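Report on the structure given below.
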Ligand SMILES: [Zn+2]
Ligand SMILES: [Zn+2]
């Protein structure tokens, strides 16, 4: 079968002919419906050196793709309850499976990462950027009758903002609350849909690009241009009080600073974007009892909730599709910043 393989440190992936995998005990073989291209793949193949790859368990070679959906093709030994042809989303993180975090479905926060063999599907172990993929049965989330191709990005591009928002819910409960979304790319746009679906908060959305702001406004957010008056304009909307929860999908020092400056007393500021910007915090500048935190991916139970919102039509990822033969084009465009929608590789396009 064809697959997009990350073969060597700091090397662009290649399209390879590899053997079709067979499911082992506790695993399921899926015929891939869609595989999303994520910017963290680019970090892994462009920026990670050997030491970091070893630390993160993302040493090549492996098949990329940590946002995957597919149809059940075959089950491994001991696996029951699955029907051939049924559509599933794959929960990406692969923890040890037995620590307190993992048994709670939080494999993204596995306590035994030092001894794990991989970080996740498509990050250390073979992922979904191929015609077929093998996943642990426990990682499969049913999609019912919902379209599996459009669903692929949910596994990361929706799960990550969903987790950030769920963790901030205590700050958004009640009337008259404000949520701030900074950075209106794929994750930011989905965050607006999730905030609308599960909170009653007024959503304020900022970006430098007017077309991204326009898209957010179509979803019901109040758009604010990210310029030198950004914080002032956000504060004005909240009557001077500030926002109750801020989500920074960029994560550079200026966006973190803007989130902190716009955040009310007792608020929560979540850094979601992995740009690595440094934050500062002091008694005089930050509003009192302002929490500052970061998140990484989300839990398996949360992916079930994301799938339920998708089935109800409350989350709709914007995608553009690529055939297997054009999969590397999608990654080139991602690297060059030329994608405006999530690229999803559809290996069985037209079948
Ligand atoms: Zn990702
Ligand atoms: Zn674990």
**Asked** Looking at segment 94-121, which of the residues that are part of a helix (DSSP H, G or I) and in contact with a strand residue (DSSP E or B) (Cβ under 6 Å, 6 or more places away or on another chain) is farthest from ligand 1 (Cβ to nearest atom)?
**Response** 107
**Asked** (1) in contact with a strand residue (DSSP E or B) (Cβ under 7 Å, 6 or more places away or on another chain); (2) over 27 Å from residue 101 (Cβ atoms): which one isn't true of residue 268, the others all being true?
**Response** (2)
**Item:** Residues satisfying the stated conditions in segment 122-132, i.e. away from ligand 1 (no atom under 16 Å from the Cβ) and either in a strand (DSSP E or B) or over 30 Å from residue 329 (Cα atoms) (or both)
**Value:** 130, 132
**Item:** Selection within segment 87-96 - closer than 27 Å to residue 311 by Cβ and surrounded by fewer than 24 Cβ atoms within 10 Å (Cβ to Cβ)
**Value:** 87, 95
**Fill in**
Of the candidates 276, 239, 220, the one satisfying the condition of being outside the structural domain of residue 341 (by TED's automatic domain parsing), loosely packed, with under 14 Cβ neighbours inside 10 Å and within 17 Å of the chain's Cα centre (by Cα) is 276
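In a loop (DSSP other than H, G, I, E, B) and either more than 16 Å from ligand 1 (Cβ to nearest atom) or touching a residue at least 60 places away in the same chain (Cβ under 8 Å) (or both), is that true of residue 155?
Values: in a loop (DSSP other than H, G, I, E, B): no; either more than 16 Å from ligand 1 (Cβ to nearest atom) or touching a residue at least 60 places away in the same chain (Cβ under 8 Å) (or both): yes.
It is false that residue 155 is in a loop (DSSP other than H, G, I, E, B) and either more than 16 Å from ligand 1 (Cβ to nearest atom) or touching a residue at least 60 places away in the same chain (Cβ under 8 Å) (or both).
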**Request:** May I ask you to verify whether residue 136 is closer than 30 Å to residue 28 by Cα and surrounded by fewer than 24 Cβ atoms within 10 Å (Cβ to Cβ)?
**Result:** yes
**Request:** From the list 278, 338, 333, pick out the single residue that is under 30 Å from residue 17 (Cα atoms) and at pLDDT 95 or above.
**Result:** 333
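The values are calculated or read from the model by the stated rules, or taken from the named source; none is laboratory data. A quick note: this is a predicted structure, and the numbers were derived from the prediction, not measured. Methodologically, a virtual Cβ is constructed for each residue, glycine included, from the backbone with ideal geometry; neighbour enumeration extends over all protein chains shown.
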